[in-house]
Each structure stands twice: as structure tokens, then as C-alpha cells.
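K.L.:
Dumping the structure here so I can ask a few things about it.
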Amino acid sequence: MERAELKRIFEAILFAAGESVETERIAKSVGCDPEEIDAAAQELMDELAFERRGIRVVHLDKAYQMCSSGEMAEYVTKTLETRKPPKLSASQLETLTIIAYYQPSTKAYVEQIRGVDSSYSVGALLNKHLIEECGRLNVPGRPILYRTTPDFLRTFGLESLDELPEIEKMQFGKTQLPEEPKEAAENGEKGI
């Protein structure tokens, strides 16, 4: 199939969908390889950006979605009175951060890190579609596992989780005691 035709099909699918569509799904329906879809998508993305068009195609992990250009946000907002991104409380933001960096995570793991009950925050994030259930942990009680959603990526302007800023991940189960000061150890004193 010609690249121009593939771009037209890709553009029509994304426009009609109104939400993200997985690359694999498009490739199967069109009858081509996912790599061809990615190449056509990149070419279309470059054209839309170069021509400073009012729409863009964004790549979200293993899917694509059509959206309005950031330059047009003021006009779109005025015209459609679009809703603002979901506001997150400090506890919801902490919970979301833990799930994003340690996913898939259980509620118990989030609570272990935060040190407080996180039921409300997990429920609120599920309602805002920023996290989703993704199975159960194979241990007694079979707790639910949570992961972030494509809405999370879109809300925070990320293409994939690889774009999250680096953090120092915490290791649980290994307690590390601070070293004694050298001066106290040399004098035979013990730290209290």
C-alpha cells in the first residue's frame, strides 16, 4: 500500500475514533505491519507540525490519538469550554506517583510507602481514569494490581512511562543503619 494512502486511512481512523487507537489494531485492520503504521504516523505528525496545522497526532506508548494543537488551546477552550484536567490532592498525587514508578502496584504497597490508608486516593484515581486495575497478585488474598492509563500519559504530556523523571527508588525490607561518626569510633565512644 502506498504511504500517502496509508496516511489518509490512519488519519481517518484517528479522527473517527476520538480516542487513542493501538498501533496493532490499526495494522490488523489495514493489513500491514505495525512498523508501516509507525512510519506513516511519524510522517503525518511531521507534516502537521511543519505546516502548523490546528490538529496533531500524539503517540501514547503503543497507540496514537488525534488532538488539537497546543497553539490553538485558547481558541478551543473559549469555544468549547473544555474541562480542566482533573485536580489532584496531595494524597492523590503521592498515590499516583507511587503507582506510576512502581507499577504494577497493590494498594497495600502504596500504603506501605505512604504510611497511611490510601483507599480514598486509589478510588479517586480510578474514577479520574488515571489508573486502572491490571490483574491480581498471586499471593494469599489475591490483591488487585494497579497501573497508569493512557489518560495518565495524556494528562501529564508524556509519550511513554520512560519519560518520567528519574527518582531514587526505595528498597523495602532492607534497613540500613547510619554509620557511626569516625571520630566517635576512633575514641571508643558509641553513638546513642
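Coordinate-derived values only; no laboratory data. Here the structure is a predicted model, which means the values were calculated and not measured. All Cβ positions, even for glycine, are placed from backbone atoms using ideal geometry, and neighbour counts span all protein chains on display.
K.L.:
Quick one: which residue in Thr148, Thr155 is over 14 Å from Gln92 (Cα atoms) and not small (Gly, Ala, Ser)? Quick ask: steps written out before the conclusion?
P.N.:
Details: Thr148 fails: over 14 Å from Gln92 (Cα atoms).
Going through Thr148, Thr155 in turn, the sole match is Thr155.
K.L.:
I would also like to ask the following. Count, please, the residues in segment 114-152 that happen to be under 22 Å from Leu164 (Cα atoms), surrounded by fewer than 13 Cβ atoms within 10 Å (Cβ to Cβ) and out of contact with any strand residue (DSSP E or B) (no Cβ under 6 Å at 6 or more places or on another chain).
P.N.:
So the answer is 0.
K.L.:
Show the residue pairs that are 6+ apart or on different chains and have beta-carbon atoms under 7 Å apart, the first residue being within segment 132-151 and under 12 Å from Val122 (Cβ atoms), the second being among the hydroxyl-bearing types (Ser, Thr, Tyr) and part of a loop (DSSP other than H, G, I, E, B).
P.N.:
From segment 132-151, the pairs are Glu132/Thr149.
K.L.:
Further question on the same structure: Does segment 1-30 hold any residues that are without any contact (Cβ under 8 Å) to a residue 40 or more places away in the chain, assigned to a helix (DSSP H, G or I) and surrounded by fewer than 15 Cβ atoms within 10 Å (Cβ to Cβ), and which are they?
P.N.:
Those that are without any contact (Cβ under 8 Å) to a residue 40 or more places away in the chain, assigned to a helix (DSSP H, G or I) and surrounded by fewer than 15 Cβ atoms within 10 Å (Cβ to Cβ): Ala4, Glu5, Arg8, Ala12, Ala16, Glu24, Lys28, Ser29.
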